[in-house]
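Notes follow once the structure below has been shown.
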Amino acid sequence: MRPILIFGASRGVGLVLARLMQQHDVPVTAMLRPATANDYLASMGAHIVRGDALSKKDVAGAFAGIPTGCDVVSTLSGRAPDGTYVDETGNINVIDAAVAHGVHRFVLVTSIGCGDMAPYRSERAIAAFGAAVDAKTRAEDYLRRVMPAATIIRPGGLRSDPGTGRGILSRDPEMHGFINRDDVAELIVRVLGDPATIGQAFAAVDAETAQTVNPIRPFELRPAIPVVS
């Protein structure tokens, strides 16, 4: 597997992904905001770059020490004090820098309800998360225009329980469900190793929570690569 640059690795899915990549002996670089603690990432051997995803200069700088042809994953989300959605502006800055640098694989992690899933959102979901999901969708749309070979993963409701190993990917736009963060990170690792996922957009849910009006047909990923301890 190739060196990887992760945006959003200070917590959640991004942090779990960094740990998994280190277990696979993959060199990990992570961009963190200047005030974000990095003890855990640093103890794993990850290379830390300081910067703000809302700064094009900072994002471009994160790529400076990364070889051309690396993998890039962004799990960026949230809002700046001025109301700017990192989901959109931050991710677009990362996308632009990745295009300029030349990367092998790019994975953008957004959420269920984005893109072609939007018509199937509930009124409750729109009220609670609509603006953020719309911002993520704009980042997805931009990614599709400038990097059509990228992969989009849209997790369902995120949980922090230990991974179950039941995470699945689906191209069904009506898919809903929940998934543990550990399982999303594991799916990302498998996506990066599976060329069949290039240019695809997937919902990611736990198989036991998957809900849709359609027959459930998980995307057949390559088997997971075992970690040698």
Worksheet, complete the sentence: Against the 2.2 N^0.38 Å rule of thumb, the C-alpha Rg of region 136-176 sits at a ratio of 1.44
Item to complete: Subtract the Cα-Cα distance of Arg50 and Asn214 from 0.36 nm times their separation in residues, and report this length gain in nm to one decimal.
Response: 54.6 nm
Fill in: 5 angstrom amide H check on Arg79, placed H, neighbours 5+ away
Val86
Worksheet, complete the sentence: Per GNM of the chain with C-alpha springs under 10 angstrom, the most fluctuating residue out of Ile66, Ile95, Ile153 is Ile66
Worksheet item: With each run of n ≥ 4 DSSP H residues scored as -39500 (n - 2.57), what mean residue ellipticity at 222 nm is computed for the chain after dividing by its residue count and rounding to the nearest 500 deg cm²/dmol?
Response: -9500 deg cm²/dmol
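Ignoring trypsin sites (Lys or Arg not before Pro) that are buried or in helix or strand per DSSP, and keeping those with at most 16 other beta carbon atoms within 10 Å, what is the longest stretch of the chain between them?
12-165
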Practice prompt. List the relative contact order of region 132-229 as a percent without decimals, with contacts defined as Cα pairs under 8 Å and 6+ residues apart.
Written response: 34 percent
Worksheet item: Along region 205-211, what does the Karplus equation 6.51 cos²θ - 1.76 cosθ + 1.60 (θ = phi - 60°) give for ³J(HN,Hα), rounded to whole Hz, x for Gly and Pro?
Response: 9, 6, 4, 7, 10, 4, 9
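Once you charge only the Cβ atoms, +1 for Lys and Arg and -1 for Asp and Glu, what is the size of the charge dipole of region 23-93 about its Cα centre, to the nearest 20 debye?
180 debye
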Fill in: Candidates Asp116, Asp39, Asp58, ranked by Gaussian network fluctuation over the chain, Cα under 10 Å, top entry
Asp39
Item to complete: Amide H neighbours of Asp172 under 5 Å, at least 5 residues apart or on other chains, H built in the peptide plane: list them.
Response: Ala203
Worksheet item: What relative contact order, as a whole-number percentage, does region 1-119 give when Cα pairs under 8 Å and 6 or more residues apart are counted?
Response: 25 percent
Item to complete: Taking the Cα centre of the chain as origin, work out the dipole magnitude from +1 charges on Lys and Arg Cβ and -1 charges on Asp and Glu Cβ, in debye rounded to 20.
Response: 260 debye
Worksheet item: Gaussian network model of the chain, Cα springs within a sub-10 Å range: biggest mean-square fluctuation belongs to which of Ala80, Ala150, Ala185?
Response: Ala80
Practice prompt. Please give the residues of region 106-125, grouped as numeric ranges, whose backbone N is less than 20 Å from a label point set 7 Å along the Cα-to-Cβ vector of Asp141.
Written response: 108-122
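Rule-based calculations on the coordinates, nothing more; no lab input. Note that the coordinates shown come from a computational prediction; the quantities given were computed from them, not determined experimentally. In this analysis, Cβ positions are derived from the backbone assuming ideal geometry, glycine residues included, and neighbour counts consider all displayed protein chains.
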